[in-house]
Amino acid sequence: MRLSGDREEEPVFSPLAEERYALGLETIYEGYLLHYGTPRLFAPADDDTALLLGDYLYAHGLVRVAEAGTVEAVADLAALISRCAQLRADGLPGDGEEWAATASTLGEGEDSRSAWSAGPEVAQALQLHARRVG
């Protein structure tokens, strides 16, 4: 864990989602940062530790979302993790937009993403995201 003065506790994508999903969403996002970017709260000693901690935070975040919401929200986040892993493996951009769209429609199912549109709060989230994984 980073020292309290070194932590960056500003939420990135949870402001786009319903409040009940905020903690779980940011927990999963911190796991994503451990795998693919610069984490806000943790300073793992090595890549193996980062990978294990990231996996743990994915699982813990999904549990929090399940407790707060619906099976659809858990399915949405599992699909997000899979899509973003594929983008990263292929060296393609777009993970921030995937996070924003999923957070904005969390619990409404995959079909709702087609009607999603970005607003000014999305631009802020994408800017914060780019600083962490850019």
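Structure above, values below:
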read-out: Net lengthening on full extension, S112/Q124 (0.36 nm per residue, minus Cα-Cα); value: 2.1 nm
read-out: Per residue solvent-accessible surface (Å²) - the chain, probe of 1.4 Å; value: 53
read-out: Per-residue HN-Hα couplings for the stretch 61-72 [Karplus 6.51, -1.76, 1.60; θ = phi - 60°; Hz; x = Gly/Pro]; value: x, 5, 4, 4, 5, 4, 5, 8, x, 10, 4, 4
read-out: Summed residue charge, Cβ within 14 Å of D90's Cβ, Lys/Arg positive, Asp/Glu negative; value: 0
read-out: With every protein chain in place, the stretch 24-94: carbon and sulfur % of accessible area (1.4 Å); value: 61
read-out: In Hz, Karplus ³J(HN,Hα) per residue of the stretch 119-130 (6.51, -1.76, 1.60; θ = phi - 60°; x = Gly, Pro); value: x, x, 5, 5, 4, 5, 4, 5, 5, 4, 4, 4
read-out: Note, ³J(HN,Hα) from phi for the stretch 81-89, Karplus 6.51, -1.76, 1.60, rounded to Hz, x at Gly and Pro; value: 4, 5, 4, 5, 4, 5, 4, 5, 4
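The values are calculated or read from the model by the stated rules, or taken from the named source; none is laboratory data. Small disclaimer: the values here were computed from a predicted structure and weren't measured. Because the Cβ atoms are built from the backbone with ideal geometry, glycine has one as well, and the counts that use them run over all protein chains shown. When the accessible area is computed, the model is the full protein with side chains, heavy atoms only, and any ligands, DNA or RNA have been set aside. Shrake-Rupley method; radii C 1.70, N 1.55, O 1.52, S 1.80 Å.
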